[in-house]
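To keep things clear, I will list the structure first and then write my remarks on it.
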Amino acid sequence: VIYIARSVKKGTCEYNVTIRHEQTHEQINLEAFEYYLPKLKEAFLKAVKKYAVAGRPKDDVSLETVQKSLLKKYRDAIDPILKELDEEIEREQEKMDSLEHYNYETSLCQIMR
């Protein structure tokens, strides 16, 4: 869902450019996620194999304790990749939200007039 300020009238060049701008932001997110998804899957599956639970623990450990421990190990395995994904998205989004890019988008409607 894309929200546009009411001051930008539907059907105008400014409206169309704004929609395209926001759709491009969303496309950046999608493409970055699609690129990183195999890396996330690989790291997660590697962690699952590494920390597989087999048999009964020697100590009387609660299910909740085991779940928390495994969740932490899994998060530790994928968090660096998620951080890299966030940083990549941020870099690409900053390009879209630069003054230079805004000036370019503004000029598109000025050319059309």
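Figures for the structure shown
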{"quantity": "Glu31 being at pLDDT below 95, within 30 Å of Gln93 (Cα to Cα) and part of a helix (DSSP H, G or I)", "calculated": "no"}
{"quantity": "Enumeration of residues in the range 1-27 that are within 28 Å of Leu82 (Cβ to Cβ) and either acidic (Asp, Glu) or in contact with a Lys or Arg (Cβ under 9 Å, 6 or more places away or on another chain) (or both)", "calculated": "Glu22, Glu26"}
{"quantity": "Glu84 being at pLDDT 90 or above and surrounded by 12 or more Cβ atoms within 10 Å (Cβ to Cβ)", "calculated": "yes"}
{"quantity": "The range 93-113: number of residues that are assigned to a helix (DSSP H, G or I) and open to solvent by less than 60 Å² (accessible area, probe 1.4 Å)", "calculated": "7"}
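The values are calculated or read from the model by the stated rules, or taken from the named source; none is laboratory data. Because the structure is a prediction, the values reported are computed rather than measured. Virtual Cβ from ideal backbone geometry, glycine too; neighbours counted across all protein chains shown. Protein only, heavy atoms only, side chains kept; ligands, DNA and RNA dropped before computing areas. Shrake-Rupley method; radii C 1.70, N 1.55, O 1.52, S 1.80 Å.
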